[in-house]
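See structure below.
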């Protein structure tokens, strides 16, 4: 079956519903030895951990998918590359994280997790994938200065890298584009206002 450009190789996305929170200054950490990190499942690999100003510590991992069968039909095959973003100490009310199994033909994926601290301050942590060779991602919005985030090495099963970036909950006309090897917008920007509005 031929896929349209930008289509997902798998339609399965998953969400982790729980008391959740975060946004603001997200710090990238390269170590996977954070004592706050819960045990990993078999085959799960830590790509990055960090701490968000509102949501607290987070973790981005990769793991192979398990087969999902419903009414005798395979909805998801085993072995697809999956990414999972999780808040390790959720605050307030919202999502503890979400994830995606499968890759996009164009290598550019944008996801988001709604975050909120214990005082009700809200935001979103945007994350996703970029093509191999991208130097980072750029977030723009009406009346706001552009902000950028560097890439993080992706799992072996992906042909690209991953990224994580906090975003304000009140941004108008928000868009994300990946940056080429010369640190210039690649011209493939995605509208993310709907992700920010619904928090994921």
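The values are calculated or read from the model by the stated rules, or taken from the named source; none is laboratory data. Not measured: the values here are computed from a predicted model. Cβ atoms come from the backbone with ideal geometry, glycine included; neighbour counts cover every protein chain shown.
Some notes on this structure:
- Positions within region 169-189 being buried (at least 17 other Cβ atoms within 10 Å of the Cβ) and in contact (Cβ under 8 Å) with a residue 60 or more places away in the chain, in sequence order: 176, 178
- In the set (1) under 21 Å from residue 114 (Cα atoms); (2) surrounded by fewer than 19 Cβ atoms within 10 Å (Cβ to Cβ); (3) modelled with pLDDT of 95 or more, the condition left unmet by residue 139 is number (2).
- Of everything in region 142-189 that is in contact with a helix residue (DSSP H, G or I) (Cβ under 9 Å, 6 or more places away or on another chain) and either at pLDDT below 95 or not in a strand (DSSP E or B) (or both), the residue that is nearest to residue 50 (Cα to Cα) is 167.
- Subset of region 150-162 (residues that are in contact with a strand residue (DSSP E or B) (Cβ under 8 Å, 6 or more places away or on another chain) and without any contact (Cβ under 8 Å) to a residue 40 or more places away in the chain): 151, 161
- Screening region 57-72 for residues that are modelled with pLDDT under 85 and outside any loop (DSSP other than H, G, I, E, B) and picking the one that is nearest to residue 115 (Cα to Cα) gives 68.
- The set of residues from region 73-95 being modelled with pLDDT under 85 and crowded, with 22+ Cβ neighbours inside 10 Å comprises 90, 94, 95.
- Single condition residue 54 does not satisfy, out of (1) modelled with pLDDT of 85 or more; (2) part of a strand (DSSP E or B); (3) under 27 Å from residue 118 (Cα atoms): (2)
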